[in-house]
Amino acid sequence: MVQLATGLKAPFIWACALLVLLGLAPARALEPVTFATDWKAQAEQGGFYQAKALGLYKRAGLDVTLRGGGPGVNIAQLLGAGAIDFGMGSNSFIPLNMVRAGVPAKAVMAAFQKDPQVLITHPRADVQSLADMKGKPVMIADASASAFWIWLKAKYDFSDRQIRKYTFNLAPFLVDEKAIQQGYVTSEPYTIETRGGVRPQVFLLSDYGYPSYAAMVLAQNRMIEQQPEIVQAFVNASIEGWRSYIYGDPTPGNQLILQANPDMTQDVIDQAIEQIRERGMVLAPDTQADPGKVSGRMGTMNEARWQSFFTTMSENGVYPKDLDWRAAFTTRFIDSHPPTGAPQ
């Protein structure tokens with residue numbers, strides 16, 4: 001019997017070659033990565049769950065662990081500590097805050113082109129736009145005072161004297177017909193209507209020019225620099241997951257969401273998907289007119305919009321004007337994503 005220089009027997013080599021020819025060779029190992037969301041499983045994260053359920057991540061060579069969030073989860077800290085590979089950023093403040101804090105991570109895609117932040121009122125003739133709310137009491141959370149409220153002050157001359165504390169309890173809104181409160185277009189309006197019996201007026205800030213992105217994927221700088229192929233694979237699969245979830249059959253992703261979050265219900269998921277689809281929240285501006293023929297511009301970000309957001313916030317004292325705002329994001333992986341049409 002012939003002995004090869006490697007110490008392996010010739011029949012063994014021939015057997016391995018035969019396995020390859022028959023397609024039975026061991027598959028290449030998947031790259032394990034962890035993606036942490038910013039809240040418990042819900043439709044606002046549906047594209048990521050869809051990509052997992054449909055095997056899009058596996059097809060891209062990734063073994064993705066989806067790690068659910070909650071009130072005690074700090075995505076920036078997890079990224080900074082290297083505890084996760086990717087994290088979800090709920091708005092454009094998150095990446096800029098990371099730059100200011102020195103966290104070595106940045107945004108690589110934005111699932112939501114429209115931030116879901118809304119202001120909600122009872123039906124009332126004296127409020128038909130955001131401008132009509134100037135001078136009126138508005139219930140917002142503490143964190144919102146240094147977030148979207150800054151934009152409202154800059155654009156509509158809102159004042160801090162209008163602020164009333166919002167504790168995520170809908171009772172004060174329901175009993176006061178003059179109340180105005182914050183919320184997410186995919187959440188509070190539906191709850192107010194179905195549980196409170198009030199069909200509210202809903203004002204989506206992004207429809208009035210609020211420039212924040214939402215549902216962003218944040219990646220460690222180390223991975224961007226050393227393993228860009230993994231970042232590209234995750235971005236590509238996530239975009240296709242969102243395309244399928246919003247414009248295809250969301251059932252696979254919904255099953256994972258319901259398994260991961262026992263408090264979630266199908267009706268809440270269904271109405272959230274409807275809001276996202278009808279309001280064109282995952283579509284870039286040039287594709288919103290006909291979502292059935294989108295060119296593939298999903299997940300995208302652009303420098304002009306980031307600059308607009310930063311300029312407004314820095315001019316109002318949120319960030320120092322010399323902050324390197326371009327370090328908060330990269331369009332490298334979005335620019336490399338191949339455009340494809342949306343499922344019918």
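Taken together, the values in this text are just the output of simple stated rules run on the coordinates, not laboratory data. What you see is a predicted model, and the numbers here were worked out from it, not measured in a lab. Cβ atoms come from the backbone with ideal geometry, glycine included; neighbour counts cover every protein chain shown.
Data overview
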item	result
Calculated [θ] (222 nm, deg cm²/dmol) that DSSP helices of n ≥ 4 give over the chain, each run adding -39,500 (n - 2.57)	-10500 deg cm²/dmol
Distance between modelled label sites at Ala131 and Arg161, nm, 7 Å Cα→Cβ extension	2.1 nm
Relative frequency of Cα-Cα separations exceeding 32 Å in the chain, percent	35 percent
Inter-probe distance in nm under a simple model that places probes 7 Å from Cα toward Cβ, at Thr331 and Lys178	4.7 nm
Prolate/oblate/rounded label for the stretch 45-196 (Cα gyration tensor, a/c 1.5)	prolate
Percentage, to the nearest whole number, of Cα pairs in the stretch 117-208 over 20 Å apart	26 percent
Most mobile listed residue (Leu283, Leu54, Leu218) in the chain, GNM with C-alpha springs under 10 Å	Leu54
Nearby lysines by direct alpha-carbon distance to Lys153 (threshold 23 angstrom, same-chain neighbours under 8 apart not counted)	Lys114, Lys134, Lys136, Lys165, Lys178, Lys321
